[in-house]
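K.L.:
The following block contains the structure, expressed as structure tokens.
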Amino acid sequence: MALRDDISKDVSAALKAGEKEKLSTVRMLLSAVKYKEVDLRRPLNDEEVQGVAGTLIRQRQDSVEQFRKGGRPELAEKEEREIEILKAYLPPQMSADELRVIIKKLATEVGASGQKDMGKLMKAVMPHVKGKADGKLVNDIVKEVLGA
């Protein structure tokens, strides 16, 4: 079953269960998916739906940071709860150790040895970990492996 269909069913389930926060979060995700479909003029596949969920998660992470700086912990906590709900629509995330193994292997394959090769290594790594790892974490580990 398509991920988009799962999201629609989750909206109904949250509505019936009276879970207001989950309902608003899943509705927001469904709305973002529909907006993207209208934009592209075609239905999204599961990977694209996961990309939309990932974008919403990144937006919320930025908001959490801003709310914490602004002294609004209650709003930051609300955003964090939304992040947890949205993570259910992403594939399981890779650990830092798993990423390190992949990045080291690809670094030797592409011959990346220093800071100047960071772009080349990132270009090789991202197709292997897209959707399964946070881009910032990947970037940090690439810098670590390259000794930057």
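K.L.:
For V101, state whether it is crowded, with 17+ Cβ neighbours inside 10 Å and either assigned to a helix (DSSP H, G or I) or of a type in the set (K, R) (or both).
P.N.:
Numbers: crowded, with 17+ Cβ neighbours inside 10 Å: no; either assigned to a helix (DSSP H, G or I) or of a type in the set (K, R) (or both): yes.
Against the criterion (crowded, with 17+ Cβ neighbours inside 10 Å and either assigned to a helix (DSSP H, G or I) or of a type in the set (K, R) (or both)), V101 does not qualify.
K.L.:
Which residue pairs have Cβ atoms closer than 6 Å, lie 6 or more positions apart in sequence or on different chains, and pair a first residue in the stretch 49-69 that is assigned by TED's automatic domain parsing to the domain that holds E37 and touching a residue at least 40 places away in the same chain (Cβ under 8 Å) with a second residue that is in a helix (DSSP H, G or I) and aliphatic (A, V, I, L, M)?
P.N.:
Cβ pairs passing all conditions: V49/L3; V49/V33.
K.L.:
Could you figure out which of (1) surrounded by fewer than 19 Cβ atoms within 10 Å (Cβ to Cβ); (2) part of a helix (DSSP H, G or I); (3) free of Cβ contacts under 8 Å to residues at least 60 places away in the same chain; (4) not assigned by TED's automatic domain parsing to the domain that holds K123 isn't true of A14?
P.N.:
Here A14 clears every test but (1).
K.L.:
Turning to a different aspect of this structure: Of all residues being hydrophobic (A, V, I, L, M, F, W, C) and in a loop (DSSP other than H, G, I, E, B) in the stretch 111-139, which is nearest to I57 (Cα to Cα)? Just the residue, please. Show your work before the answer.
P.N.:
Residues of the stretch 111-139 hydrophobic (A, V, I, L, M, F, W, C): 112, 118, 121-122, 124-126, 129, 133, 137-138.
Checking which are in a loop (DSSP other than H, G, I, E, B) leaves us with 112, 133.
Details: A112: 31, A133: 13 Å.
Only one residue fits best here, namely A133.
K.L.:
Limited to the stretch 76-88, what total is found for residues that are in contact (Cβ under 8 Å) with a residue 40 or more places away in the chain and surrounded by 15 or more Cβ atoms within 10 Å (Cβ to Cβ)?
P.N.:
Qualifying residue count for the region: 4.
K.L.:
Take E48 and decide whether it is out of contact with any strand residue (DSSP E or B) (no Cβ under 7 Å at 6 or more places or on another chain) and closer than 22 Å to M122 by Cα. If you could, list the steps in order and put the result at the bottom.
P.N.:
Numbers: out of contact with any strand residue (DSSP E or B) (no Cβ under 7 Å at 6 or more places or on another chain): yes; closer than 22 Å to M122 by Cα: yes.
Taking the combined requirement at face value, the residue satisfies it.
K.L.:
Being in a helix (DSSP H, G or I), surrounded by 14 or more Cβ atoms within 10 Å (Cβ to Cβ) and either on the phi > 0 side of the Ramachandran plot or not β-branched (V, I, T) (or both) is the filter here, so list the residues in the stretch 35-49 that pass it. Full working, then the answer.
P.N.:
If we filter the stretch 35-49 for residues that are in a helix (DSSP H, G or I), which is where we start, we get 35-40, 46-49.
Pick out the ones that are also surrounded by 14 or more Cβ atoms within 10 Å (Cβ to Cβ) and you get 36-37, 46, 48-49.
Selection gives K36, E37, D46, E48.
K.L.:
Would you be able to say whether some residue in the stretch 103-117 is closer than 30 Å to E21 by Cα, acidic (D, E) and modelled with pLDDT of 90 or more?
P.N.:
Residues of the stretch 103-117 that are closer than 30 Å to E21 by Cα, as a first pass: none.
Looking through the stretch 103-117, none of the residues is closer than 30 Å to E21 by Cα, acidic (D, E) and modelled with pLDDT of 90 or more.
K.L.:
Let me ask something additional. If E109 meets every condition in (1) surrounded by 12 or more Cβ atoms within 10 Å (Cβ to Cβ); (2) under 30 Å from G147 (Cα atoms) apart from one, which number is that one?
P.N.:
(1)
K.L.:
Now a separate question. Given the options P91, P127, P73, name the one that is loosely packed, with under 15 Cβ neighbours inside 10 Å, under 29 Å from A32 (Cβ atoms) and touching a residue at least 12 places away in the same chain (Cβ under 8 Å).
P.N.:
Working: P127 fails: touching a residue at least 12 places away in the same chain (Cβ under 8 Å); P73 fails: touching a residue at least 12 places away in the same chain (Cβ under 8 Å).
Every option except P91 fails the conditions.
The values are calculated or read from the model by the stated rules, or taken from the named source; none is laboratory data. Quick caveat, the model's predicted, so the values are computed rather than measured. All Cβ positions, even for glycine, are placed from backbone atoms using ideal geometry, and neighbour counts span all protein chains on display.
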